[in-house]
Amino acid sequence: MQGRFVDQGHFDVLIAGGGVAGAAAAAALSQLQLNILIIEPDPAHGRRLAGELIHPPGIEGLCDLGLLDDRSMPGSAVKGFAIFPSEKDDSMGSVTLCYGKKPGMRHLGRAIEHRVLKSHLLEKVQNFPGVTAWIGARVIGMEKNSDGTFTAVVRRNQDEIRLCPRLILGADGPMSRVRKMIGIPHETRRYSGMMGLEVEDTHLPNNGYGNIFLNSAGVAYAYAIGQGRARVMFEVLKGADSNESIKTHLSLFPPLFKLDIERVLATHKPLAAANFCIVPSTSIQGNAALVGDARGCCHPLTASGITAAVKDALILRDALRETDIDIAAALRRYSGRCGRLELTRRTLAEELREAFLARTPEALLLRECIFSYWRTSDKARIRSMALLSSVDSSIFSLATQYGTVALQAFRLFPRWFVEKTVTDWHRGVLRLIQKSLAFQYAAMRQWLY
Ligand SMILES: Cc1cc2nc3c(=O)[nH]c(=O)nc-3n(C[C@H](O)[C@H](O)[C@H](O)COP(=O)(O)OP(=O)(O)OC[C@H]3O[C@@H](n4cnc5c(N)ncnc54)[C@H](O)[C@@H]3O)c2cc1C
């Protein structure tokens, strides 16, 4: 180590991490005339498999913050999801869930290749007033001060620098070191792995939609990312062989698209990522707050991580504005509001994952109920898409929709009576009622506290 410096108060805010969450937070807080320092260790904006599909509220937020521009936006427009049921219940083909159209509200999302998105946002935000970025630097420590605030220790080149900003944001992703260093415990569940590659979009089904293929090997995705390219991702469940899993996924893909993918797989090693559910015990500590995946993440089934990270930035900005930048009061507001949104997002992702992947009779009934509900009307599909895309983040809406989905079980009864066992149907219905009541209870608690 060559030097040790202490920088007192030059920066109001230090943001550890220059990913989507860090860039969005910097853009949002620069609107409050604060001096902001982003610390990002990865000068190459590392090529990795991560979020690309952004729902309309995320795009709206990034445009409002001045990080994306409608006139020159990278990537490809997304109208919603096209969901392909698993092999057992595919008699009626895929279901298309579109974003709802409301006057004054954006109804298109966007898919942007992750590295392109990350470098675009980070480059853009560095031109914002008051924003500085130290690329290649890293937050390596957090020292607790006697008043409960933290001093950040940053390694930059060969130097170790201590910074005492008014506010520190941990935007350093799901495995956040900042979270650990400020002493916030968390629960982790590793669901599965993900393998991904890029192919031509010529034979991509439902171009303009995020295709989600459900099957016994997990979830697979395919969507256009612009310039004639498409992203394909395959889930690899814990303990499963990745080649076998990819084969199973591909067996459900349209033949020509499958051929395109097999050709690329023969010459390119796919990118890999892990799918986690991380639930920290809190999102604030002293003068520090967590944003984006550091604040919590769930299975990428709903593709809502980026949208949630953008919402974090906007909520934090509003909380600081409302409290005249009283950090402690603003962080309390931030924590409460984000916690409510995250509960809905995480619960939805967990429920859908269980319904789509578990092989129990209860999960099968729920899966059939969901597809049956989606096939009832446009309104049902738009309501579901509002929840999936975080347009509607209310746990009340989730509880109500879960109840409506559960009612489909009675519609399905004659078929279950003939084709399956009534005992399984009963068990499934009991489970649906139990869950439905649990969600109503969670919604009530959230309303009360
Ligand atoms: C396979 C997969 C597919 C996904 N698909 C989607 C999708 O389609 N749509 C969607 O919305 N979401 C998706 N997600 C989730 C999405 O990727 C994340 O929610 C999003 O990238 C979170 O951004 P972030 O900025 O919080 O974290 P990250 O993107 O992880 O960024 C964290 C940053 O912190 C930096 N950092 C790390 N350590 C330090 C340190 N010590 N000091 C300073 N900086 C540090 C890192 O270099 C990195 O740049 C997906 C996730 C996975 C795994």
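The values are calculated or read from the model by the stated rules, or taken from the named source; none is laboratory data. Everything numeric here is computed off the predicted structure, so don't read it as measured data. In this analysis, Cβ positions are derived from the backbone assuming ideal geometry, glycine residues included, and neighbour counts consider all displayed protein chains. The area values use the complete protein model at the heavy-atom level, side chains included, leaving out ligands, DNA and RNA. Shrake-Rupley method; radii C 1.70, N 1.55, O 1.52, S 1.80 Å.
The table for this structure:
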{"read-out": "Spacing of the two label points (7 Å from each Cα toward its C-beta) at Arg445 and Glu123, in nm", "value": "4.7"}
{"read-out": "In order through the stretch 74-85: 3J(HN,Hα) via Karplus (6.51 cos²θ - 1.76 cosθ + 1.60), integer Hz, x for Gly, Pro", "value": "x, x, 9, 5, 10, 8, x, 10, 10, 10, 9, x"}
{"read-out": "Inter-part distance where the stretch 23-75 and the stretch 265-330 are each reduced to a Cα centre, Å", "value": "13"}
{"read-out": "Linear extension gain, Glu322 paired with Arg166, 0.36 nm per residue minus alpha-carbon span", "value": "54.5 nm"}
{"read-out": "Lysines with Cα under 17 Å of Lys102, excluding same-chain neighbours fewer than 8 positions away", "value": "Lys79, Lys379"}
{"read-out": "Distance violations [Cα-Cα > 30 Å] among Lys118/Lys435; Lys247/Lys311; Lys180/Lys311", "value": "Lys118/Lys435; Lys247/Lys311"}
{"read-out": "Prolate/oblate/rounded label for the chain (Cα gyration tensor, a/c 1.5)", "value": "prolate"}
{"read-out": "Accessible-area ranking of Lys124, Lys180, Lys144, Lys269, largest first, probe 1.4 Å", "value": "Lys269, Lys180, Lys144, Lys124"}
{"read-out": "Only Lys, Arg (+1) and Asp, Glu (-1) charged, at Cβ; the stretch 358-448 dipole about Cα centre in debye", "value": "60"}
{"read-out": "The stretch 344-447: chymotrypsin sites (Phe, Trp or Tyr not before Pro) in DSSP loop, at most 11 other beta carbons within 10 Å", "value": "none"}
{"read-out": "DSSP bridge orientation in the chain - percent antiparallel, rounded to nearest 5", "value": "70"}
{"read-out": "Calculated FRET efficiency for the pair Thr188/His426, C-beta based, R₀ 41 Å, to 0.05", "value": "0.70"}
{"read-out": "Point-charge dipole on Cβ atoms (K/R +1, D/E -1) for the chain, about Cα centre, debye to 20", "value": "620"}
{"read-out": "Arg375/Arg71 FRET efficiency (R0 45 Å; Cβ-Cβ; nearest 0.05)", "value": "0.70"}
{"read-out": "Farthest positive-ward along the chain dipole, Cα basis, beta-carbon charges - from Leu365, Ala26, Leu68", "value": "Leu365"}
{"read-out": "Mean Kyte hydropathy of -1.0 or more with a Cα span along the axis of at least 27 Å, helices from DSSP in the chain", "value": "327-357, 395-419, 422-448"}
{"read-out": "Restricting the stretch 266-365 to trypsin sites (Lys or Arg not before Pro) in coil, as DSSP defines it, with at most 10 other Cβ within 10 Å", "value": "Arg359"}
{"read-out": "Cα shape, the stretch 358-448, gyration tensor, a/c 1.5 rule", "value": "oblate"}
{"read-out": "Relative contact order (percent, whole number), the stretch 279-428, Cα cutoff 8 Å, 6+ residue spacing", "value": "23"}
{"read-out": "Kirkwood Rh, angstrom, the stretch 181-308 [1 / mean 1/r, Cα pairs]", "value": "16.1"}
